[in-house]
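Heads up: the structure comes next, in structure tokens.
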Amino acid sequence: MIRAALCAVLLMGSASLAGAEPFLLALPVDCTLGETCYIQQYVDHDPGPGTRDFTCGGLSYDGHKGTDFGLPTHAAMARGVNVLAAAPGIVGGIRDGMEDRLFAGEDLGGRDCGNGVVLRHADGWESQYCHLQKGSVQVRSGQVVEAGAVLGRVGLSGRTQFPHLHLSLRHEGAVVDPFAPDGAEACGSDRTLWITRLNYTPGGLLDIGFAPGVPDFDAVQAGTADRIPPDRHSALVGFALAFGGQKGDVVEIAIDGPAGEVITTNIEIDRAQASFFRAAGRKRQAEGWPAGDYVLTVRFLRDGAVVDSRFERIELQ
């Protein structure tokens, strides 16, 4: 009875506010966008088999109905990143207990969202939070929550190939893109539903590092590729993990050492890729690498312009 009364008060109070103020969302992940997390995919606005995000760019896939807030590596997920309620509401349903693992094409029995939470808001709005870590859900059905309340942690459950939060927003059952609530026919939106406007990034670097050989993709995704660093008598390789690659993009990998340039190479991307990694370096030298500092610089280029760049330093003794 008390819970029902609280729910009624919340809905009536929020509905009255909704008449005066628009429905707005806070960032649903406890991270710094562009530094410790990123948006890999947006709502697909193409009605056919193609893909088009709200800017008419390619950061989506056919039929995608939400916004994917990704973490750079599995190691970042393991450290724990909270999923937050984007607006005040009532917990309409939860699921927990599904394993965190890469989706391998198996039948999930309609549980593609993995572990998740559904919040019901005033005036017919509903938000859904998917792919949470197993055992991390911290709310129960019927619970009243405020914006910013911890719902769980970013995970790898359900139909997913990388650790992220998939946020779906619906109004009266229809999918709404919070970046373009009025539609995206004009290739961009002047109005969003975010309390603080979130910048659109067409792609970027997620992680870079040194390794004693070309690492495999699993290690790069896991964030463990640089766990064993190179030494003066190993190969010297620089690698980069990136997202939002388009055909014709270039990843420039350069390593400079105390004796000058070790390598500078440009690697062209031959097809669109949601996430990818590239590596380049030199084989070990018979006399060994000179002792001192080595700097890895990676630039992600599109049409000659720098989309993103990072550098990392290592000392070989």
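The values are calculated or read from the model by the stated rules, or taken from the named source; none is laboratory data. These numbers come from a predicted model, not from an experiment. Backbone-built Cβ (ideal geometry, glycine too); neighbour counts: all protein chains shown. Note: accessible area is taken over every heavy atom of the protein model, side chains too, but ligands, DNA and RNA are not part of it. Shrake-Rupley method; radii C 1.70, N 1.55, O 1.52, S 1.80 Å.
Side notes on the structure shown:
- Kirkwood-type hydrodynamic radius, the range 44-99: 14.5 Å, calculated from all non-identical alpha-carbon pairs.
- Long-range Cα-Cα pairs in the range 78-135 (distance over 18 Å), rounded percent: 40 percent
- Å² per residue, accessible surface of the chain at 1.4 Å: 47 Å²
- Peptides ranked, highest mean first, by Cβ atoms within 10 Å: ranges 179-186, 82-89: 82-89, 179-186
- Neighbour-limited loop hits for trypsin sites (Lys or Arg not before Pro), the range 233-293 (at most 11 other Cβ within 10 Å; DSSP other than H, G, I, E, B): K247, R271, K283
- Gyration tensor over alpha-carbon atoms, the range 129-211, equivalent ellipsoid semi-axes in Å: 25, 24, 13
- Sum of -39500 (n - 2.57) over DSSP H runs of 4+, divided by residues of the chain (222 nm, nearest 500): -3000 deg cm²/dmol
- Counting only protein heavy atoms and a probe of 1.4 Å, the accessible surface of the range 59-132 is 47% carbon and sulfur.
- With the alpha-carbon atoms of the range 99-168 aligned to their principal axes, the span from lowest to highest coordinate is 37, 22, 18 Å, starting with the largest.
- Rh (Kirkwood; distinct C-alpha pairs) - the range 117-255, Å: 18.8 Å
- In summary, the aspartates and glutamates within cross-link reach of K134, defined as a Cα separation below 16 angstrom excluding same-chain residues under 8 places away, comprise D96, E99, D100, D112.
- Between helix 2-20 and the chain: long-axis angle, C-alpha atoms, 0 to 90°, nearest 10: 80 degrees
- Rounded percent of accessible protein surface that carbon and sulfur make up, the range 195-317, 1.4 Å probe: 47 percent
- Applied to the range 299-305, the Karplus parametrisation 6.51 cos²θ - 1.76 cosθ + 1.60 on θ = phi - 60° returns per-residue 3J(HN,Hα) values of 10, 9, 10, 9, 6, x, 9 Hz, with x for Gly and Pro.
- Between D123 and D270, the FRET efficiency estimated from the beta carbon spacing at R0 = 51 angstrom works out to 0.60.
- Whole-number D in µm² s⁻¹ for the chain, Kirkwood Cα-pair radius fed into Stokes-Einstein, 4 °C, 1.567 mPa s: 61 µm²/s
- Sites matching trypsin sites (Lys or Arg not before Pro) across the range 109-145 that sit in DSSP coil, with at most 15 neighbouring C-beta atoms within 10 Å: R111, R140
- Taking all protein chains together and rolling a 1.4 Å probe, H233 ends up with roughly 110 Å² accessible.
- Within the range 261-317, GluC sites (Glu not before Pro) in DSSP loop having at most 14 other beta-carbon neighbours inside 10 Å: E287
- In the range 210-317, the inverse of the mean reciprocal separation of distinct Cα atoms equals 14.2 Å; this is its Kirkwood hydrodynamic radius.
- Full-stretch length increase - R191, F311 - with 0.36 nm per residue and alpha-carbon distance subtracted: 39.7 nm
- Rg and Dmax [Cα atoms of the range 33-183; Å; Rg one decimal, Dmax integer]: 14.8, 39
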